[in-house]
Amino acid sequence: MGFSFGRNRRNGAEAMSGEAQSSRFEQDDQIVVMKFGGTSVENAAAIKRLIQIVSRYQGIQPVVVVSALARVTDQLLDAGRSAAAGHLGSALNTVRNIYVRHEEVADSLVTGSAYAELDRALRIEFQALEVLLQQLESSRELDLKGQDQLLGFGECFSSRMVAAALRETGVEATHADARSCIVTDGRHGQASPLWDPTNQRIRQALVPLLQAAKVPVLGGFIASTAEGVPTTLGRGGSDFSASIVGAALGALRIEIWTDVDGVMTTDPKLCADARVIRKMSFDEAAELAHFGAKVLHPATLVPAMRENIPVHVLNSRKPEADGTVIVARTPRQSKKVSAITTKRNVVAVEISAPHGVDSALLGKLFGVFDEHSCHVDVMGASLGRVSLLVGSTQALPEIAAKLSDHADVRWENHRALVCLVGENIRRDAEVASRVFATVADLDVKVLCQGASDRTISFLVEESKAQESVQRLHRVFFPNAESVHDWGGISSAFCQAG
């Protein structure tokens, strides 16, 4: 039997699956994809809150996507590096600590035969992890392919545990392996989905479960190639996983449950007057994510935008709060600036070309930066110079050496990119003049030009980032209501890692 899930938000009655047959999901059940981040599953208390949130829906078909428990991904990476450096004992000790933590959490959530079943499943996963670490110790190498396989274990642990915990409370949950659902290319470390096979596999795997009124629980961030080789969607990619699943199923909405009250006007760690933005557009949210906002993975909104599915950003510690809803269009507002974000640890690169900048040189530049996986954030060009921003100096010496016959490459680190986001603010001369009047004495280095009319951004020394944000927030949000208790924020909204 074929299915045509939800409403095709682009073409009305056209079925997502391409089949004319109707489905009960179109008429009765509403699918909501709910993603819970690491701090929302960090311990037994957090997972109990997750269960309460999932259980409160009536007439809704939840699909749950979970990250690894907080800090587990970093611990796995440390273990892999230790093993590859020949310190297998240290690596295995880290793994034992991870296992003990999961065992303690599971013991607080699951009892009896269900606990025994979960413990067996976790032990099998941990044994596979130990085998991988032994292989890394033998090879003395942790490449991106091995790293993808290694880091995926965290999501496997958490998703199995959350599924079991939901069942313990009477929710008909079942574990589904995201690696058999999301198909990507072979770019390890930050793979890209192959949309047609991904949509097909998601529907094949999850539709029967939804038909049987089951709640699928998947690990975020993890995927595989068409040949079954494990990949990942990049750090923070669980949001992206949720959006991919939501788009494939034609979800009513996608919920991102985190540890902040929603998308905020700026990082509350930098500015105590930051407040929640109740509604914003996909385009504004995408700009914020690109320029350093950590609440959303930069790729999260792409599938949701394509299918016009609203994305809600909510606080799992305060589930009664309204949060932020991100939609295609928002009503025209009096405020011209929606939010202010800052990205620290930015490196400003200046490339001088004695024979001028032409298409051949630009092609060469982009090819070399891509070869070294050095992502370029913002670029400007003049007659003989190219200015761009990158996130690390690590690859720059090699890049400079490869380009030495064509151009001179210099860079400065310890910079911060401050960005204001709002609909069409680049076209508003008043906004730009107020920005630079506010920060003129802070030694603003560069006005960064991008393709979007929704951003105005500039570089300052990293030590002046906080003062820049505070000044601008007072100017553009003069009467913002102060909120002093942010519920134990562990990752600030507008601060890149």
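The values are calculated or read from the model by the stated rules, or taken from the named source; none is laboratory data. Being a predicted model, the structure only gives us computed values, none of them experimental. Here the Cβ is made from the backbone with ideal geometry for all residues, glycine too, and neighbour counts use every protein chain on show.
Out of all the residues in segment 172-231, which are over 21 Å from the mean Cα position of the chain (by Cα), outside any helix (DSSP H, G or I) and either hydrophobic (A, V, I, L, M, F, W, C) or crowded, with 17+ Cβ neighbours inside 10 Å (or both)? Can you show your working first?
So the first thing to find is which residues in segment 172-231 are over 21 Å from the mean Cα position of the chain (by Cα), and the list is 172-175, 196-197, 200-201, 203-215, 226-229.
Keeping just the survivors that are outside any helix (DSSP H, G or I) gives 172-175, 212-215, 226-229.
Listed by number, the residues that qualify are ALA173, HIS175, ALA212, ALA213, LYS214, VAL215, ALA226, VAL229.
Listed by first and then second residue, the pairs with beta-carbon distance under 6 Å, at least 6 apart or on different chains, first residue in segment 58-86 and in a loop (DSSP other than H, G, I, E, B), second surrounded by fewer than 24 Cβ atoms within 10 Å (Cβ to Cβ), are LEU69/GLU42; ALA70/THR39; ALA70/GLU42. Here's a check for you: in segment 324-344, which residue that is under 28 Å from the mean Cα position of the chain (by Cα) and of a type in the set (S, T, N, Q) is modelled with the lowest pLDDT? So, considering only residues that are under 28 Å from the mean Cα position of the chain (by Cα) and of a type in the set (S, T, N, Q), the one modelled with the lowest pLDDT is GLN333. So is ASP119 within 19 Å of GLY219 (Cβ to Cβ) and in contact (Cβ under 8 Å) with a residue 60 or more places away in the chain or not? For ASP119, the condition - within 19 Å of GLY219 (Cβ to Cβ) and in contact (Cβ under 8 Å) with a residue 60 or more places away in the chain - is not met.
If I filter segment 248-297 down to residues being polar (S, T, N, Q) and in a strand (DSSP E or B), which single residue comes out as farthest from ALA339 (Cα to Cα)? Walk me through it before giving the result.
From segment 248-297, those polar (S, T, N, Q) are 258, 265-266, 281; that's our starting set.
Applying the additional criterion that residues be in a strand (DSSP E or B) yields 258, 281.
Numbers: THR258: 19, SER281: 12 Å.
Among those that are polar (S, T, N, Q) and in a strand (DSSP E or B), it is THR258.
In the set (1) on the phi > 0 side of the Ramachandran plot; (2) at pLDDT 90 or above, GLY488 fails one condition alone, (2). Could we say that ARG275 is modelled with pLDDT of 95 or more, basic (Lys, Arg), outside the structural domain of ASP453 (by TED's automatic domain parsing) and surrounded by fewer than 24 Cβ atoms within 10 Å (Cβ to Cβ) here? Answer is no for this residue.
Say we look at segment 311-327 and pick out the residues that are part of a loop (DSSP other than H, G, I, E, B) and touching a residue at least 60 places away in the same chain (Cβ under 8 Å); which of these is surrounded by the most Cβ atoms within 10 Å (Cβ to Cβ)?
Initial filter on segment 311-327 (part of a loop (DSSP other than H, G, I, E, B)): 316-323.
Now restrict to residues that are touching a residue at least 60 places away in the same chain (Cβ under 8 Å): 316-319, 321-323.
Details: SER316: 24, ARG317: 20, LYS318: 17, PRO319: 14, ALA321: 14, ASP322: 14, GLY323: 22.
Residue satisfying both the conditions and the ranking: SER316.
Residues that are more than 30 Å from ARG471 (Cβ to Cβ), over 14 Å from the mean Cα position of the chain (by Cα) and among the charged types (D, E, K, R) within segment 232-277 comprise just one, ARG253. Residues of segment 364-413 that are without any contact (Cβ under 8 Å) to a residue 40 or more places away in the chain, of a type in the set (Gly, Ala, Ser) and not in a strand (DSSP E or B): GLY367, SER382, GLY384, ALA395, ALA400, ALA401, SER404. Inclusion of VAL54 among residues that are under 30 Å from ALA321 (Cα atoms), surrounded by 16 or more Cβ atoms within 10 Å (Cβ to Cβ) and not polar (S, T, N, Q) is warranted. Restricted to segment 367-378, and to residues that are at pLDDT below 90 and crowded, with 18+ Cβ neighbours inside 10 Å, which residue is farthest from ARG344 (Cα to Cα)? Restricting to residues being at pLDDT below 90 and crowded, with 18+ Cβ neighbours inside 10 Å, the top hit is CYS374. Among the residues making up segment 108-160, those that are of a type in the set (Phe, Trp, Tyr) and either within 20 Å of ASN93 (Cα to Cα) or not in a helix (DSSP H, G or I) (or both) are PHE126, PHE153, PHE157.
Yes or no: ARG81 of a type in the set (D, E, K, R), on the phi < 0 side of the Ramachandran plot and in contact with a Ser or Thr (Cβ under 6 Å, 6 or more places away or on another chain)?
So ARG81 does not fit the description; no.
Of all the numbered requirements in (1) over 20 Å from ILE425 (Cβ atoms); (2) buried (at least 24 other Cβ atoms within 10 Å of the Cβ); (3) touching a His at 6+ places or on another chain (Cβ under 9 Å), THR258 misses one, and that requirement is (3).
Give THR330, THR342 a once-over and let me know the one that is assigned to a strand (DSSP E or B) and either loosely packed, with under 15 Cβ neighbours inside 10 Å or not aromatic (Phe, Trp, Tyr) (or both). First the steps, then the outcome.
Working: THR330 fails: assigned to a strand (DSSP E or B).
The unique qualifying residue is THR342.
Taking the numbered list (1) crowded, with 17+ Cβ neighbours inside 10 Å; (2) farther than 26 Å from GLU287 by Cβ in turn, ASP358 passes all entries but (1). Among the residues of segment 147-171, the ones that are under 20 Å from LEU210 (Cβ atoms) and either surrounded by fewer than 22 Cβ atoms within 10 Å (Cβ to Cβ) or not aliphatic (A, V, I, L, M) (or both) come to 6 in all.
Scan segment 345-359 for residues that are outside any strand (DSSP E or B) and over 34 Å from the mean Cα position of the chain (by Cα) and report the count. Please lay out each step first, then the result.
If we filter segment 345-359 for residues that are outside any strand (DSSP E or B), which is where we start, we get 353-359.
Remaining after also requiring over 34 Å from the mean Cα position of the chain (by Cα): 353-358.
Count: 6.
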